[in-house]
Amino acid sequence: MTVASSTVGSEKMTKEEKKVACATIIGTTVEWYDFFIYAAAAGLVFKQLFFAPAGNTAGTLLAFATVGLSFLFRPLGAFLAGHYGDKLGRRFVLVLTLVCMGLSTALIGLLPTYDSIGIFAPILLIILRIIQGLSAGGEWGGAVLMAVEHAPTHKRGRFGSFPQIGVPLGLLLASGMFALMSGVIAPGDAFLEWGWRIPFLFSIILLFLGHWIRRTVEESPVFEEIKERKSASKTPIVDLFKHHTALVLTAALVFAGNSAIGYMTTGGFIQNYTTNPDGPLALARTPILLSVTLSAVVWLIFTWISGGLSDKIGRRNTYLLGWGIQLVGVIALFPLVNMGTIFSVTMGLCLLSVGIGMTYGAQSAFYSELYPASIRFSGVSISYALGAIFGGAFSPLIASWIVSQTGGTTYVAVYLATMTLIGFFATLALRDRTGIPLGPDHEAEQLKSPLRWHKE
């Protein structure tokens, strides 16, 4: 039986499909909540708490550098997760990455600051951030494949949007927690003294919830077929780069065009730029956090829309539409933000989030359909991790450096528009493989190159 053949005609989700949807959404939400609270804290407080001796500007750059640093370890996490995910199963890797992410996040909430232990404070912070990067590198690919490989063929885009939705949900939860602490529970100096720690410690509760849910989900049917046929690759990473290096790099550039823009908010740049007391706007922290929270809702909605749309018009066409909308959002962002009102900032972020969502919802199914079953976990994970480095890893740092050198945001917009166009042209370079069979008995078809300059 090919994957999902028994459910192709069914419109109602089965009990197991609902469980998969719940597990991928909640698990990914927990993972990315952990990731985003670090980025938010980097933009709001880490320069004072861990990098104060460097001064305001250099401290900001160092804080954002630690955001980017973790991305450099994502490929290693993706290599390890891909190897073991293709050999031992998707579920095993998902549970492991969730635990590692949750524990490292909670420990950040317990760290002494520079004033307490000096240089050891930023060193310990960096170590825990690296563990976060390793975990994130393996998380996404596993969640994506659990969702897409369980899905009926005609609903892969919709099912693939489940783990994607977890990303804006994580942002919403992270921004909401910081807004609650900053504006209600620990306003003013209390937030800097201890309030910032609570969102990190809250991760323990989410960890137990996500761990319990993920352990109840059955293994991916594709991997079960691979195991039964004993067709798992002995060296999936080697096989991937031996035959698919160009595909991996092209797929990475697709995500780079999305992640560079997404990390303007998830990486903390907008929060820092708009609230910096020495900057041009100096807006209040809590309203900006609420603006980011609202933009996360918009991101979530359009991620959901684009996932379903990709089942109707194809992954590639959905992406191309999304790139156009994202470019409009990039062009409009800073004129709106620099108007200096909470309303205009919110409008700019929400418009940007429409494009981010439209280029994000189809990604899971798009990536899953690019790679053969035996190396799919490795291909999906490594493409995503490299794309995060090419795009989002240092985009807050780059944007902050541009502002420090030019005194304005014009060239930040040029940088973001360029990244959007890179994603657009990388998408054009790939064939649409919507609906291709995903099971191991169709590897001959799956091995045909999706790159348009290669002959089919």
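Worth a mention:
- Residues that are more than 26 Å from residue 413 (Cβ to Cβ), of a type in the set (Val, Ile, Thr) and either at pLDDT below 75 or within 23 Å of the chain's Cα centre (by Cα) (or both), drawn from the range 227-258: 235, 237, 245, 248
- Test: residue in the range 283-300 that is modelled with pLDDT under 95 and not in a helix (DSSP H, G or I): yes
- When residue 333 is tested against (1) surrounded by 15 or more Cβ atoms within 10 Å (Cβ to Cβ); (2) outside any helix (DSSP H, G or I); (3) aliphatic (A, V, I, L, M), exactly one condition is not met: (2).
Table: residues versus (1) among the aromatic types (Phe, Trp, Tyr); (2) under 14 Å from the mean Cα position of the chain (by Cα); (3) in a helix (DSSP H, G or I); (4) crowded, with 24+ Cβ neighbours inside 10 Å.
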residue	(1), (2), (3), (4)
378	no, no, yes, yes
381	no, yes, yes, yes
384	yes, yes, yes, yes
392	no, yes, no, yes
397	no, no, yes, no
414	no, no, yes, no
417	no, no, yes, no
425	yes, no, yes, no
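- Residues in the range 347-361 that are touching a Leu at 6+ places or on another chain (Cβ under 6 Å) and either modelled with pLDDT under 90 or among the aliphatic types (A, V, I, L, M) (or both): 347, 352.
- When 125, 110 are checked against the criterion of being among the hydrophobic types (A, V, I, L, M, F, W, C), surrounded by 22 or more Cβ atoms within 10 Å (Cβ to Cβ) and either at pLDDT 85 or above or over 24 Å from residue 43 (Cβ atoms) (or both), a single residue qualifies: 125.
- Flag if residue 159 is buried (at least 24 other Cβ atoms within 10 Å of the Cβ), in a helix (DSSP H, G or I) and among the hydrophobic types (A, V, I, L, M, F, W, C): yes
- Test: residue in the range 128-139 that is at pLDDT 90 or above and surrounded by fewer than 17 Cβ atoms within 10 Å (Cβ to Cβ): no
- Residues being among the polar types (S, T, N, Q), assigned to a helix (DSSP H, G or I) and out of contact with any Asp or Glu (no Cβ under 8 Å at 6 or more places or on another chain) - total across the range 105-116: 1
- Options 389, 422, 402; residue that is without any contact (Cβ under 8 Å) to a residue 60 or more places away in the chain, under 18 Å from residue 262 (Cα atoms) and out of contact with any strand residue (DSSP E or B) (no Cβ under 7 Å at 6 or more places or on another chain): 402
- Scoring residue 406 on the criteria (1) surrounded by fewer than 16 Cβ atoms within 10 Å (Cβ to Cβ); (2) in contact with a Lys or Arg (Cβ under 7 Å, 6 or more places away or on another chain); (3) closer than 30 Å to residue 287 by Cβ leaves a single failure, condition (2).
- Residue within the range 295-304 that is in contact with a Cys (Cβ under 6 Å, 6 or more places away or on another chain) and not aromatic (Phe, Trp, Tyr) present: yes
- Among the residues of the range 9-58, those identified as in a loop (DSSP other than H, G, I, E, B) and surrounded by fewer than 23 Cβ atoms within 10 Å (Cβ to Cβ) are 9, 10, 11, 12, 13, 14, 55.
- Residue check for residue 133: within 14 Å of residue 70 (Cα to Cα) and either in a helix (DSSP H, G or I) or within 14 Å of the chain's Cα centre (by Cα) (or both): yes
- Number of the exception - residue 148 against (1) assigned to a helix (DSSP H, G or I); (2) hydrophobic (A, V, I, L, M, F, W, C); (3) closer than 23 Å to residue 71 by Cβ: (3)
- Selection status of residue 177, in contact with a Phe, Trp or Tyr (Cβ under 8 Å, 6 or more places away or on another chain) and either in contact (Cβ under 8 Å) with a residue 24 or more places away in the chain or small (Gly, Ala, Ser) (or both): yes
- Annotation note: of 344, 364, the sole residue that is in a helix (DSSP H, G or I), modelled with pLDDT under 95 and small (Gly, Ala, Ser) is 364.
- Every residue from the range 428-453 that is in a helix (DSSP H, G or I), farther than 18 Å from residue 156 by Cα and touching a Ser or Thr at 6+ places or on another chain (Cβ under 9 Å): 441, 443
The values are calculated or read from the model by the stated rules, or taken from the named source; none is laboratory data. Just so we're clear, the structure is a prediction, and the values are computed from it rather than from any experiment. Ideal geometry is used to build each Cβ from the backbone, glycine not excepted, and the neighbour counts take in all protein chains shown.
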